[in-house]
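The values are calculated or read from the model by the stated rules, or taken from the named source; none is laboratory data. The shown structure was predicted, so the numbers you read here are calculated from the model rather than taken from an experiment. Don't worry about glycine lacking a Cβ; one is built from the backbone with ideal geometry, like all the others, and counts go over all protein chains shown. Quick note on the areas: whole protein, heavy atoms, side chains included, nothing else; ligands and nucleic acids left out. Shrake-Rupley method; radii C 1.70, N 1.55, O 1.52, S 1.80 Å.
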Protein chains: 2
Amino acid sequence: MAKNHQYVSFAVIRRLPRYYRFLGELLEKGVNRTSSKDLAQMMGLTASQIRQDLNCFGGFGQQGYGYNVAVLHAEIHKILGLDQNFRAILIGAGNLGRAFANHIDFEMGGFHLTAIFDKNPQVIGSSISGLMVRDIATIADYCSVCLPNVAILCIPKDDVKSIVDQLIACGVGAFWNFSHYDFSLDHPEVIVENTQLVDGLMALCYQINDQKEKQKS
Amino acid sequence: MAKNHQYVSFAVIRRLPRYYRFLGELLEKGVNRTSSKDLAQMMGLTASQIRQDLNCFGGFGQQGYGYNVAVLHAEIHKILGLDQNFRAILIGAGNLGRAFANHIDFEMGGFHLTAIFDKNPQVIGSSISGLMVRDIATIADYCSVCLPNVAILCIPKDDVKSIVDQLIACGVGAFWNFSHYDFSLDHPEVIVENTQLVDGLMALCYQINDQKEKQKS
């Protein structure tokens, strides 16, 4: 039995999607059983780190047997809440919004994408990933009926504040924010996941520069 | 004077882009001077955490004065290597690749986007963000002349291995990988930044579910 997941640290939760993916790949290959040593090798971690992480969810590993892949995969699925059928809406059908609607596997991430909104009359009414883009002016009505769990913000920085205020007033309690406007401090009552894509470039830039400096010295 | 940046921990480096952004916003507003307390409030961290992080780069903070915004901003710019004019190429001009080419501020992240490649004849020759999409078959010739520092992979999982092998043979030493194929363990000699967008959804899914569970109990 899994322990109540509210005792699991956020650092462990952040690693769970990776465990989930690797276990899914093992399942696809027909592998029924794995060990912390095998998982460690696959994932570039240490066996003790893996045992420590997975111990948070109770006694799946058995001395001399290891882990049952299907059981562990199903348990992580449940802990992540992927069985809850949460609803996501996407705000902004520009380049980035369109790409995400088409590219991201929402079902794999635990969500149904139920609606896409934009303010541009030239985009409203067009179809993306099987959904018709709705007028942002209708969003309050939509939310009062369909109660989305999360809004994904692919809109320019200057548009974020007013949309977020409106969505919070409509009861939306979680946001995936791709804009450079960080509203999480103004709204500690909601869940905010900030993804700054440019930070990925900066981290790479640092590492390339660092390697260059080390080669010089 | 900044200390040699190779002594700065990777955890601190990961926070630098955020410092850099906040300091840039202060500069834009004409603010010349800030304190660890002000920065802490802006960024949702503690003042002591900020002092600890910024101390890695030497003595910018002065008792009773705080930090000179322009000096600190310029120093982080240099530490991140944003002044190095590194070159990036983008592999894959599908939905995601196109969106990134148009959306991501490469210059802000320290790179020039110099070329885009695809294998699809219908896409080759079209223009994205001012660059003509090149045939992936010509990539070895391009790399031998233009020596890109990083390749951004927006291609399906099954295409990754062969492209990566080819690019490494051409001397590309860093990758930003958006596919679900993690090649970092097979190639410890190169720098890999993996960005799994679906992990963001899973982290949100967990938090929404967790909040729901807590409200129940």
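Please name all residue pairs, on different chains or six or more residues apart, with Cβ atoms under 6 Å, provided the first residue is in the range A:28-40 and is of a type in the set (S, T, N, Q) and the second residue is surrounded by fewer than 16 Cβ atoms within 10 Å (Cβ to Cβ) and assigned to a helix (DSSP H, G or I).
Going by the 6 Å Cβ cut-off, the qualifying pairs are A:36/A:47.
Provide a single number: the residues in the range A:185-203 that are more than 7 Å from every other protein chain (Cβ to nearest Cβ) and assigned to a strand (DSSP E or B).
2
Cβ-Cβ below 6 Å, separation at least six or inter-chain, first residue in the range B:72-95 and open to solvent by 10 Å² or more (accessible area, probe 1.4 Å), second in a strand (DSSP E or B): which pairs?
B:87/B:112; B:87/B:114
Just to be sure, is residue A:210 in contact with a Pro (Cβ under 8 Å, 6 or more places away or on another chain) and open to solvent by less than 40 Å² (accessible area, probe 1.4 Å)?
It is false that residue A:210 is in contact with a Pro (Cβ under 8 Å, 6 or more places away or on another chain) and open to solvent by less than 40 Å² (accessible area, probe 1.4 Å).
Looking at the range A:84-103, which of its residues are at pLDDT 95 or above and more than 9 Å from chain B (Cβ to nearest Cβ)?
Once the filter is applied, which keeps residues that are at pLDDT 95 or above and more than 9 Å from chain B (Cβ to nearest Cβ), the range A:84-103 yields A:87, A:89, A:90, A:91, A:92, A:93.
List the pairs whose first member sits in the range B:48-67 and is surrounded by fewer than 14 Cβ atoms within 10 Å (Cβ to Cβ), whose second member is hydroxyl-bearing (Ser, Thr, Tyr) and at pLDDT below 80, and whose Cβ atoms are under 7 Å apart, counting only residues at least 6 apart or on separate chains?
That search, which allows pairs on different chains as well, returns nothing.
Taking residue B:136, is it crowded, with 18+ Cβ neighbours inside 10 Å, more than 7 Å from chain A (Cβ to nearest Cβ) and in contact with an Asp or Glu (Cβ under 7 Å, 6 or more places away or on another chain)?
Answer is yes for this residue.
Take the residues in the range A:151-177 that are open to solvent by 10 Å² or more (accessible area, probe 1.4 Å) and within 14 Å of chain B (Cβ to nearest Cβ); name whichever of them is nearest to residue B:208 (Cα to Cα).
Of everything passing the filter in the range A:151-177, A:173 is nearest to residue B:208 (Cα to Cα).
Among the residues of the range B:38-47, which ones are exposed (fewer than 15 other Cβ atoms within 10 Å of the Cβ) and either hydrophobic (A, V, I, L, M, F, W, C) or at pLDDT 90 or above (or both)?
B:46, B:47
Quick check on the range B:139-148. Is at least one of its residues over 30 Å from residue A:77 (Cα atoms), touching a residue at least 12 places away in the same chain (Cβ under 8 Å), surrounded by fewer than 21 Cβ atoms within 10 Å (Cβ to Cβ) and among the aliphatic types (A, V, I, L, M)?
Within the range B:139-148, the first condition is being over 30 Å from residue A:77 (Cα atoms), and the residues that meet it are B:139-148.
Subset that is touching a residue at least 12 places away in the same chain (Cβ under 8 Å): B:139-140, B:142-144, B:146-148.
Those still in the list that are surrounded by fewer than 21 Cβ atoms within 10 Å (Cβ to Cβ) too: B:140, B:142-144, B:146-147.
With the extra rule that they be among the aliphatic types (A, V, I, L, M), the set shrinks to B:140, B:147.
Checked the range B:139-148: at least one residue is over 30 Å from residue A:77 (Cα atoms), touching a residue at least 12 places away in the same chain (Cβ under 8 Å), surrounded by fewer than 21 Cβ atoms within 10 Å (Cβ to Cβ) and among the aliphatic types (A, V, I, L, M).
What pairs come up if the first residue lies in the range A:118-133 and is open to solvent by 90 Å² or more (accessible area, probe 1.4 Å), the second is modelled with pLDDT of 95 or more and aliphatic (A, V, I, L, M), and their beta carbons are under 7 Å apart, counting only those six or more places apart or on different chains?
Once the first residue is open to solvent by 90 Å² or more (accessible area, probe 1.4 Å) and sits in the range A:118-133, its partners that are modelled with pLDDT of 95 or more and aliphatic (A, V, I, L, M) give A:119/A:136.
For the range B:97-144, give me the residue count where each residue is farther than 27 Å from residue A:203 by Cβ, assigned to a loop (DSSP other than H, G, I, E, B) and of a type outside the set (A, V, I, L, M).
Of the residues in the range B:97-144, 6 are farther than 27 Å from residue A:203 by Cβ, assigned to a loop (DSSP other than H, G, I, E, B) and of a type outside the set (A, V, I, L, M).
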